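The next block holds one structure in the form of structure tokens; read it before the comments.
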Amino acid sequence: MKDPLLVVSDVRVSFLKEHQKRLFGRERQQVLRGVSLALEEGECLGVIGESGSGKSTLGRVLAGLLPPESGAVFINGRNLYGRGKRDAAGPRHGLSVVFQDYTSSVNPRFRVEHAIGESLRALERLEGRVVDKKRRVAELLEQVGLPASCASRYPHELSGGQLQRVCIARAIAVNPRVVLLDEAVSSLDASTQTQVMDLLMELRARRGLSYIFITHDLTCVTYFCDRALFFNAGRIVEQVDDMKNLSRVRDPYARRLLDAVMGIGVQPGDLRRERADLLPAGDGDVMGAAS
Ligand SMILES: Nc1ncnc2c1ncn2[C@@H]1O[C@H](COP(=O)(O)OP(=O)(O)OP(=O)(O)O)[C@@H](O)[C@H]1O
Ligand SMILES: [Mg+2]
């Protein structure tokens with residue numbers, strides 16, 4: 001069998017707590033508590049969990065932006081944080097990222113062609129060849145369902161859905177093998193969400209992409225993902241390998257999350273209390289810092 005495209009092995013991350021009980025205290029908040037997962041080629045893996053559960057922190061580790069305290073990340077068989085490889089993180093490893101906040105992801109003072117052009121310049125450096133940027137920008141815009149005329153527009157002249165398409169074009173410009181989507185459709189309205197997810201599926205089929213889809217929205221996961229991991233307080237608490245079996249999750253937290261979304265008697269407020277109950281005594285305050 002082929003090796004997985006991306007492997008995360010027992011990754012741990014903690015941050016110094018902002019409010020220390022003692023003066024000069026060094027207490028840390030455990031945010032990732034031994035996360036392991038594997039992503040196969042062409043797969044779409046959903047990572048679902050409540051606000052503050054550590055999803056974006058995991059995303060930053062995968063994007064090469066945050067070295068874990070322990071554990072390892074392998075993309076394409078290469079250790080992302082191996083010795084001497086720090087400069088090799090990101091596009092060089094074949095991973096691109098699309099974030100939730102498309103407005104701050106692109107510089108408002110530059111036109112769309114410049115935003116996508118930045119990625120193409122990174123590709124030029126990566127591959128040591130010159131890219132016909134004007135032609136490539138038009139091709140990429142077409143691939144994400146935007147007219148070529150968008151190239152000369154400024155970000156504020158586009159709708160949220162259009163701007164997120166620009167961010168997707170920018171992410172795929174470097175020919176990645178994995179795209180990490182951190183709440184990438186969460187700020188869009190329901191019909192635009194579906195359109196953008198359809199676009200992502202089409203791109204997956206066309207370019208053989210794999211996705212890690214971080215979200216707190218279970219409905220999007222069921223629509224878009226092949227597999228899902230439930231994340232709670234920095235740990236994977238349940239894995240669903242076939243979305244048809246989603247309703248059979250057993251972990252109490254995943255169960256409550258599911259019931260809340262499917263509307264079977266549990267209110268989202270109960271979820272929050274449940275999560276606190278599930279945390280081992282004295283095991284950090286991931287809860288407390290959740291928004
Ligand atoms: N750089 C940092 N320094 C200190 N604490 C941090 C840092 N980054 C994240 N945290 C804390 O780690 C915890 C997890 O944050 P993270 O952003 O990963 O959550 P999340 O699951 O993505 O939440 P959301 O769904 O709201 O985006 C939070 O309590 C947050 O305050
Ligand atoms: Mg987040």
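For this structure, a couple of remarks:
- Oblate is the label for the stretch 128-185. Its Cα gyration tensor axes, ordered a ≥ b ≥ c, give a/c of at least 1.5 and b/c at or above a/b.
- For the chain, the residue among A190, V249, T215 whose Cα projects farthest onto the positive side of the dipole built from Cβ charges is T215.
- Charged-residue dipole, Cβ positions (Lys, Arg, Asp, Glu), the stretch 1-127 about Cα centre, Debye nearest 20: 680 debye
- Extension reserve of the Q20-Y154 stretch, reckoned as 0.36 nm per residue once the Cα distance is removed: 43.8 nm
- Among V131, V144, V73, residue whose mean-square fluctuation peaks in a GNM of the chain (springs only between Cα atoms under 10 Å): V131
- The HN-Hα couplings worked out from phi for the stretch 175-185 by the Karplus form 6.51 cos²θ - 1.76 cosθ + 1.60 (θ = phi - 60°) are 6, x, 9, 10, 10, 8, 10, 9, 6, 5, 10 Hz, whole numbers, x standing for Gly and Pro.
- Calculated [θ] (222 nm, deg cm²/dmol) that DSSP helices of n ≥ 4 give over the chain, each run adding -39,500 (n - 2.57): -10500 deg cm²/dmol
- Relative contact order [Cα under 8 Å, 6+ residues apart], the chain, whole percent: 24 percent
- Applying 0.36 nm per residue to the separation of R135 and L246 and subtracting their alpha-carbon distance, the gain on full extension is 35.6 nm.
- Positive minus negative residues near E238 (Lys, Arg vs Asp, Glu; Cβ under 12 Å): +4
- When peptides 243-249, 209-215, 196-202, 29-35 are ranked by their average number of other Cβ atoms within 10 Å per residue, the highest-first order is 209-215, 29-35, 196-202, 243-249.
- Summed side-chain charge close to A205 - residues other than A205 whose Cβ falls under 15 Å, Lys, Arg +1, Asp, Glu -1: -1
- Charge dipole (the stretch 108-195, unit charges on Cβ, about Cα centre) - positive-most of Q143, L158, V130: V130
- Centre separation in Å (Cα based) which lies between the stretch 51-76 and the stretch 16-30: 22 Å
Taken together, the values in this text are just the output of simple stated rules run on the coordinates, not laboratory data. In this text, all values refer to a predicted model and were calculated from it rather than measured experimentally. Glycine also receives a Cβ, built like all others from the backbone with ideal geometry; neighbour counts cover every protein chain displayed.
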